[in-house]
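Down below is the structure, laid out as structure tokens.
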Amino acid sequence: MPNLRAIATADLEELRDELRRGTFAGGLTRAALGAVHLGELWEPLRGYARLGPEALTAIVDAVLAERNAPDDETVHLVWTGPEGKSGWAEPTSSALAALFRAATREVLIAGYRFDHGEDVLGELHVAMRERGVKAEVFLHLEPPPHGVDVPGYVKSQVGSFLLANWKTPPYPRIYVAPHALDAWARVSLHAKCVVADQRFAIVGSANFTQRGQERNIEVGARIDSPRFASHLVAQFHAALSAGVFVEV
């Protein structure tokens with residue numbers, strides 16, 4: 001049998017989803033794969049074409065389970081965008097959703113850009129609503145235009161953020177960096193990270209946007225380390241205590 005190690009994780013996950021939808025009920029063919037934009041998988045999969053969908057689904061599930069199984073490593077590659085044929089990275093959107101699903105107590109997010117929150121942050125909304133998870137968001141805001149009332153501007157911008165990305169309660173606690181609101185300071189909250197229960201963290205280049213999670217080329221790390229995660233939370237909370245951030 002051909003070796004499925006050459007197929008990227010994201011492609012295997014998409015293939016699994018199509019198998020479960022019954023897309024290949026009539027058989028696995030080059031044309032059927034091409035119809036769902038997976039035509040490049042025909043060569044590594046053609047040796048499995050004689051198998052039925054159920055058998056192929058079981059094989060794909062086993063390969064994905066092996067890749068996602070816990071091991072001695074605590075740092076795993078996270079990636080957005082096209083991969084090489086042997087790409088083993090975990091898709092950014094999948095890693096983020098899994099982290100939110102794992103949260104039982106608290107989540108901290110720091111981000112530069114947010115959009116499509118209903119999708120990107122959907123699993124966090126569920127965690128807050130159904131499991132009582134508390135969320136903190138350290139949010140970048142662009143400086144207001146000259147002469148604009150800063151407190152009013154901040155409240156308006158945070159309201160727009162919630163309207164676009166949160167819509168229904170419960171809501172997160174929101175923090176902003178006052179010195180970043182000074183246009184002359186040329187300072188941004190440019191960090192992109194998320195921490196769950198002071199144990200799991202994702203740190204990387206991807207914004208919490210549809211482009212950052214699904215379309216750009218982004219790289220990051222998913223880190224399973226209570227020590228690292230707790231230090232990262234403590235770093236933000238220490239900055240909050242020092243007045244670097246204020247709650248809106």
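Per residue and in cubic angstrom, what volume does the convex hull of the Cα atoms of the chain have?
Each residue corresponds to 143 Å³ of Cα convex hull volume.
Take the alpha carbon gyration tensor of the stretch 83-157, find the square roots of its eigenvalues, order them as a ≥ b ≥ c, and report rounded if a/c is under 1.5; if not, report prolate when a/b exceeds b/c, else oblate.
It is oblate, given that a/c is not under 1.5 and a/b is not larger than b/c.
How far, in degrees from 0 to 90, does helix 122-131 lean away from the longest principal axis of the Cα atoms of the chain, to the nearest 10?
Its long axis makes an angle of about 70 degrees.
Take every Cα-Cα distance within the stretch 4-68, group them into 10 Å bins from 0 onward, and report for each bin the whole-number percent of pairs it holds.
For the stretch 4-68, the pair-distance distribution reads 22, 66, 13.
Tell me, what is a quarter of the convex hull surface for the C-alpha atoms of the stretch 154-248, in nm² with one decimal?
One quarter of the hull surface, i.e. the mean projection, equals 7.4 nm².
Listing Glu54, Glu90, Glu40 from the residue with the fewest other Cβ atoms within 10 Å to the one with the most, what is the order?
Least to most surrounded, the residues fall as Glu54, Glu40, Glu90.
Of the beta bridges DSSP finds with both residues in the chain, what % are antiparallel, to the nearest 5?
65
Looking only at trypsin sites (Lys or Arg not before Pro) in DSSP loops with at most 10 other Cβ atoms within 10 Å, what is the longest site-free stretch of the chain?
51-185
Among Tyr171, Tyr153, what is the fewest-to-most ranking by other Cβ atoms within 10 Å?
Tyr171, Tyr153
Can you work out ³J(HN,Hα) from phi for every residue in the stretch 99-110, in order, using Karplus 6.51 cos²θ - 1.76 cosθ + 1.60 and θ = phi - 60°, giving whole Hz and x for Gly and Pro?
Each residue's phi maps through the Karplus curve to give 5, 5, 5, 7, 5, 10, 10, 8, 9, 10, 10, 10 Hz.
For each of Thr168, Thr57, Thr80, Thr29, count neighbouring Cβ atoms within 10 Å of the residue's Cβ, then give the residues from fewest to most.
Lowest count first: Thr168, Thr29, Thr57, Thr80.
Given the -39500 (n - 2.57) contribution per DSSP H run of 4+ residues, what per-residue ellipticity at 222 nm results for the chain, rounded to the nearest 500 deg cm²/dmol?
So the helix-based figure for the chain works out to -11500 deg cm²/dmol.
FYI, it's all coordinate maths here, none of it is from the lab. Because the structure is predicted, anything quoted here is derived from the model rather than measured. Please note: Cβ atoms are built from the backbone with ideal geometry, for glycine as well, and neighbour counts cover all protein chains shown.
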